[in-house]
1. Looking only at residues that are free of Cβ contacts under 8 Å to residues at least 60 places away in the same chain and surrounded by 15 or more Cβ atoms within 10 Å (Cβ to Cβ) in region 100-116, which one is nearest to Ile7 (Cα to Cα)?
2. I'd like the residue in region 68-87 that is within 14 Å of Thr104 (Cβ to Cβ) and in contact with a strand residue (DSSP E or B) (Cβ under 8 Å, 6 or more places away or on another chain) and, out of all such residues, is most open to solvent (accessible area, probe 1.4 Å).
3. Where the second residue is open to solvent by 60 Å² or more (accessible area, probe 1.4 Å) and acidic (Asp, Glu) and the first is without any contact (Cβ under 8 Å) to a residue 40 or more places away in the chain and lies in region 51-79, which pairs have Cβ atoms under 8 Å and are six or more apart or on separate chains?
4. Looking at region 1-56, which of the residues that are assigned to a helix (DSSP H, G or I) and hydroxyl-bearing (Ser, Thr, Tyr) is most open to solvent (accessible area, probe 1.4 Å)?
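The values are calculated or read from the model by the stated rules, or taken from the named source; none is laboratory data. Keep in mind that what you see is a predicted model, and the values were worked out from it rather than measured. Cβ placement follows ideal geometry from the backbone for every residue including glycine, while neighbour counts extend to all protein chains displayed. Remember, those area values only see protein heavy atoms, side chains included, never the ligands or the DNA or RNA. Shrake-Rupley method; radii C 1.70, N 1.55, O 1.52, S 1.80 Å.
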Amino acid sequence: MTVTVDINVFVDVFRDRQPYSVDSTQVVNMVAEGKLTGVCPAHGLTTLYYLIRKHGSKQDAEDAMDRVLSHFQIGNLDAEGWREARLLSLGDFEDAVVATVAKTSGSALIVTRNVEDFAGSPIPAISPVDFLSQFPVKI
């Protein structure tokens with residue numbers, strides 16, 4: 001299964017934001033272990049780096065980038081994809097871009113803590129905790 005992972009999930013993991021980091025880390029680990037294919041929206045990489053660096057160190061931000069780039073596909077949009085995102089009826093353009101990345105990458109779901117922000121998305125959104133309850137890690 002392929003999922004697009006919203007930046008808030010990565011921030012939970014790399015900033016250890018409790019109580020969210022436990023479930024978010026499990027989802028990211030499923031990708032790292034090859035149990036799931038993960039897509040990270042390209043536009044979110046700079047935001048992730050900035051947030052990790054702002055609240056941590058440059059090394060923390062670089063380590064986060066290395067982990068994401070090592071295990072996740074990076075979802076880019078061309079000009080037509082950006083136009084498609086602009087036309088989506090979502091309240092936030094950034095969320096519309098994530099939804100369009102999910103669609104163009106063939107993702108089945110968007111894993112995010114802001115599920116309600118994706119109402120009207122062409123790809124359904126699910127929280128990390130709900131994802132893990134519906135698709136438990138097989139040991």
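1. Within region 100-116, the first condition is being free of Cβ contacts under 8 Å to residues at least 60 places away in the same chain, and the residues that meet it are 100, 103-104, 115-116.
Narrowing the set further to residues that are surrounded by 15 or more Cβ atoms within 10 Å (Cβ to Cβ) leaves 100, 103-104, 115.
On the way: Thr100: 14, Lys103: 16, Thr104: 17, Val115: 13 Å.
Going through the qualifying residues, I end up with Val115.
2. Gln73
3. Partner pairs satisfying both residue conditions: Arg53/Asp60.
4. Keep residues of region 1-56 that are assigned to a helix (DSSP H, G or I), which gives 7-14, 21-32, 43-55.
Adding the requirement that they be hydroxyl-bearing (Ser, Thr, Tyr) leaves 21, 24-25, 46-47, 49-50.
Values: Ser21: 4, Ser24: 0, Thr25: 41, Thr46: 104, Thr47: 67, Tyr49: 73, Tyr50: 132 Å².
In this case the residue turns out to be Tyr50.
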